[in-house]
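Notes follow the structure.
Where a number appears in this text, it was derived from the coordinates with a stated rule and is not lab data. No experiment lies behind these values; they were computed from the predicted model shown. Note: ideal-geometry Cβ built from the backbone for every residue, glycine included; neighbour counts use all protein chains shown.
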Amino acid sequence: MVLRRVRVGGASQPWLSLGGCGQCAGSVSLLKVALLLISLPWGARGSASANLSVALGHTMPPPRGHYLSIGDGSVMEFEFPEESEGIIVISSQYPVQGNRTEPGPVLRAFSLDTEVLTIQNVSAMTWGRGGGFVVNIRSRLPGLAPLYLQLVDPQKTPPKLIEEQRDFRIKVSPAEDPPATLSTGLVHFSENPILYLLLLLIFVNKCSFGCTVELEVLRGLLQSPQPMLLGLLGQFLVMPLYAFLMAKVFMLPKALALGLIITCSSPGGGGSYLFSLLLGGDVTLAISMTFISTVAATGFLPLSSAIYSHLLSIHETLHVPISKILGTLLFIAIPIAAGVLIKSKLPKCSQLLLQVIKPFSFVLLLGGLFLAYHMGVFILAGVRLPIVLVGLTVPPVGLLVGYGLAACLKLPVAQRRTVSIEVGVQNSLLALAMLQLSLRRLQADYASQAPFIVALSGTSEMLAFVVGHFIYSSLCPVH
């Protein structure tokens, strides 16, 4: 027996494990250590002591053909810390031939939740009338992983199933978050100096958008709110359902699936009315839809999260960042209202703001894209192809859904474009905040791959649309 350190949540902690098992087959001392090892704290918190007669090998064959056991058989659930390696010693009381010229039975071990636990390998040991197996495992995310064990006689043709066992479970417990790591991830959005410059530009830009608001159009939307209702339908019903279906099709892990669904359940982002301006949409409608959907998110976002968490069998308590939603509303309402006031009281200043709105908007798009990639690169380091493929489809699917819904009501082309953009552009930062507030660090960072990929792909794809629209408008001007 050796003492080995393993990485747990970024910190190095000692855990007991066995070394050199291949050289110790048939050793009684190893048997004593192996069977007693299960009762140590790293393996089973609930098993305070092992049966001494089992440890010494003085056992009777179990009744009803139950040959496999762990420890004294009184404990069925064993605990490991997350992100660590360890072993489980499984004893077999299936009789072994006295001369041992023929291979003994073989153990097949499977984890029924590979997000929580994976089986690395299984090695056999023999002693006395029976034998045993050392199962090497690696724990991953916190959770409960049932084990599926099969004891097979390979001498039969076909191999004979002697026993199968599904009662053992491995509980992977969360490790403590190291305080130092909390200052190197997503928390650092507020510490980046580029962000403060962008916030100032965003405020000025929103004032410019306020100068584009037509009060008559706004009053008309209050009387005929169909476009805004279509936006809510697409954002909070169709897009979360699409995310859930894609998570099933691509068999995404639960945490990643939850991150994708929450992202697709988020309200329209601030870039939606920016793209509406650049792509010939109705800017007044875009601003109104973003504001209304952000207000509606206080109810629809927790409802959608609760429904799909239940469908995914995720039992985390999800915290909706109400303070961030309120901050978003204020950051929309205050500069937009200031722009409306400037338009009515200071028309010359309003004209100046309208002249800089498009170049400002384009600079903000590039700056936001750079900042999102810079801050999310540590999360996206281990990203896998399925979530990238799904993330790339989310914005165009949202655009098609929004445009299709608007076309069904035969809305004007400008309003169709706006509804399309509103459904296709999500507030990924809101989804990111919700995931970081609700999940443990490792799970939160893993789930946060979804909003980052959707944000990066959405901004990139919309920029491509803007460039394409500019080129088309230049080559084929509308007279």
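Per-structure values
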| item | result |
| --- | --- |
| Computed E for LEU237/LYS324 - FRET, C-beta separation, R0 22 angstrom, nearest 0.05 | 0.45 |
| ³J(HN,Hα) computed for each position of the range 333-347 - Karplus, 6.51 cos²θ - 1.76 cosθ + 1.60, integer Hz, glycine/proline x | 5, 5, x, 5, 4, 5, x, 4, 5, 4, 4, 7, 9, 10, x |
| Largest-first ellipsoid semi-axes for the range 185-475, taking √(5λ) over the Cα gyration tensor eigenvalues, angstrom | 30, 21, 18 |
| Signed unit charges on C-beta, dipole axis of the range 286-415, positive-most listed residue SER313, PHE360, CYS408 | PHE360 |
| Order of SER350, SER420, SER460 under a 10 Å beta carbon neighbour criterion, fewest first | SER460, SER350, SER420 |
| Pair LEU215, LEU409: separation of 7 Å Cα→Cβ label points (nm) | 2.5 |
| For CYS349, CYS408, CYS211, order by how many other beta-carbon atoms lie within 10 Å, fewest first | CYS408, CYS349, CYS211 |
| For ALA247, net neighbour charge (Lys/Arg +1, Asp/Glu -1) across residues whose Cβ lies under 15 Å away | +2 |
| Per-residue ³J(HN,Hα) for the range 450-458, Karplus 6.51 cos²θ - 1.76 cosθ + 1.60, θ = phi - 60°, Hz, x for Gly and Pro | 5, x, 5, 5, 5, 5, 5, 5, x |
| Difference of contour (0.36 nm per residue) and Cα-Cα distance, SER74 to SER460 | 133.2 nm |
| Links that overshoot a 21 Å alpha carbon limit, given the list LYS324/LYS345; LYS206/LYS324; LYS254/LYS324; LYS171/LYS254; LYS206/LYS343 | LYS324/LYS345; LYS254/LYS324 |
| Percent RCO, i.e. relative contact order, over the range 185-475, from Cα pairs under 8 Å lying at least 6 residues apart | 32 |
